[in-house]
Each structure stands twice: as structure tokens, then as C-alpha cells.
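Notes follow once the structure below has been shown.
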Amino acid sequence: MDWGAFIHYGLVRWLHILAGVMWIGLLYYFNFVQVAALKAAQADNTAAGISRHVAPRALLFFRWAAVVTWLAGATILSNHLFEAFFFQQKVYVPIGVGAWLGTIMLINVWALIWPNQKKILGLVQATDEEKNKARRTAFLASRTNTALSIPMLFFMIASGGVFRTAFFGT
Amino acid sequence: MLGGGVHPGTVKEENMKNPLDSLWGTIISGLVLTLILYCIVKLALGS
């Protein structure tokens, strides 16, 4: 048995998918459930429970799952990372597009969503005006990631084996 | 001049909505982007 290949293409790929499910699952939870739930909860003064107990925990797993997903993905590509990111070989173009989308999403999480959520949740000092601005920025960044997740998942699926043949004929 | 002083072909900014404000707008934006990228990649691969 080739243990190197087993770890590289088996276990790391498994980890990539597990972490990816957690990342995108929580992203969809925020966008499909929590945004509407918070609006309804604010109307009957029960939003504090979500903001204090649910959102911080969800964000913890969300942002670290994003890092694990990206690192595992980069490990799978390993010495083909450069070829994929810079579309140097045709065979790596679909996964390269997926990798770029995933990278943009990771940057969105750590540069826009998390710093602004810290202000919204009161984990860092912010005025009411700053909180309102942070709310809008975090919301749009999160919605952008939801939109980007659709082509990202398509290109992840369409990048290998029979799926690539089916979608791209190569 | 038509429409209360708005030049024909001019879109009033206040009428434009960000598609990301709604869930359906977000999903449709994602699907459109998928289609565009798919066509570009297919063209790049010559398939």
C-alpha cells in the first residue's frame, strides 16, 4: 500500500471535504437561517440569545473550517498549486478556477466578515455608527461568499475524473 | 424628456437594488456567474 498517496489523496481529501461541508454549511446557516431569524427575534426582543450564544460559536467553527479547508485543498494540489492558480496546464484550469474562488472566499471571511462581526457582537469596541457600517459590510461579504460558493462548488466537482469529462470533455 | 424629467435610457439610481440583498438575488447571481465562468473555461480548454 502506498501510504503517501493514501494520506495525500485519501485522508487529506476527506479532511478537505469535511471542513468544507462545515464552512459552507455554516455560511448557508448564516444566510438562509440566521439573517431572517435575527430580524424576527429583534421584533420580539429575543435576539440577544442568538447574538450571545449562537453566533460566536458558529463564527468560531466557520472561520477555522475555512482555514482547514483551504490548507487541505492546497495540500492536495501540493506541487501543482502554482500550475492550478496560474492556469499553466489545461487539465488544472477547472480546479484553478475553484481554487481562486475558494481563496477569495477565505480572504472575505478573515478580512471582512470576522473583523466586522467582532464589532457587531461587541467583542471589540465600536460606536453605534461603526456597528451599523460593520453590519452592512459583513452582510454583503457573507452574501458575496454565498454567491461565489455556487460556482466554487461547481468547479470543485467538475475538476476531476468522469466529472471533468462530462462537463468539459477533456 | 420623458418620465418626469428623466432622460430616456437613464436609470434612476434609487430604483436599482443590490441583488445580494435578497436570497434569490444571491442564488441567481451565483448561477449566472457559474454559467459565465463555465463558458470561459470551456472556451479556454477548446472543448
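Values in this text are rule-based calculations from the coordinates and carry no lab data. Not measured: the values here are computed from a predicted model. Cβ placement follows ideal geometry from the backbone for every residue including glycine, while neighbour counts extend to all protein chains displayed.
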Are there DSSP H segments in chain A that both extend 15 Å or more along their axis (alpha-carbon positions) and score a mean Kyte-Doolittle hydropathy of at least 1.6? List them, or say none. A:93-107
Give the span of segment A:1-46's Cα atoms along each principal axis, as three whole-Å numbers ordered largest to smallest. 60, 14, 8
Take the Cα of A:TRP14, step 7 Å along the line toward its Cβ, and report every residue of segment A:63-105 whose backbone nitrogen sits under 17 Å from that point. A:69, A:72-73, A:76
Neighbour-count ranking for A:ARG63, A:ARG52 (other C-beta within 10 angstrom, fewest to most) reads A:ARG52, A:ARG63
Which of these, A:GLY20, A:GLY102, A:GLY122, has the largest mean-square fluctuation under a Gaussian network model of chain A (Cα springs below 10 Å)? A:GLY122
Count neighbours as other Cβ atoms within 10 Å of each site's Cβ, and list the chymotrypsin sites (Phe, Trp or Tyr not before Pro) in segment A:40-129 that are DSSP loop with at most 16 such neighbours. A:PHE86, A:PHE87
Mind jotting down a quarter of the surface of the convex hull over the alpha carbons of segment A:50-113, in square nanometres, one decimal? 4.7 nm²
If you take the beta carbon distance between A:ILE104 and B:LEU31 as r and set R0 to 25 Å, what does 1/(1 + (r/R0)^6) give as a FRET efficiency, to the nearest 0.05? 0.90
Rounding to the nearest 20 debye, state how big the charge dipole of segment A:3-168 is about its Cα centre with +1 on each Lys and Arg Cβ and -1 on each Asp and Glu Cβ. 160 debye
Pull out the extension gain between B:CYS39 and B:LYS17, defined as 0.36 nm times the separation in residues minus the alpha carbon to alpha carbon distance; nm, one decimal. 5.2 nm
Starting from the 7 Å offset along Cα-to-Cβ, what nm value, one decimal, do you get for the label separation of A:PHE61 and A:THR165? 3.8 nm
List, in the order given, every pair from A:LYS131/B:LYS17; A:LYS39/B:LYS42; A:LYS90/A:LYS133 whose Cα-Cα distance in the structure shown is over 31 Å. A:LYS39/B:LYS42; A:LYS90/A:LYS133
Under the Kirkwood approximation for Rh and a Cα-based Rg, what ratio Rg/Rh is obtained for segment A:3-168? 1.05
Dipole check, the protein assembly as shown, charges on Cβ (K,R +1; D,E -1), about Cα centroid: among A:ILE157, A:PHE85, A:GLY122 the Cα furthest to the positive pole belongs to A:GLY122
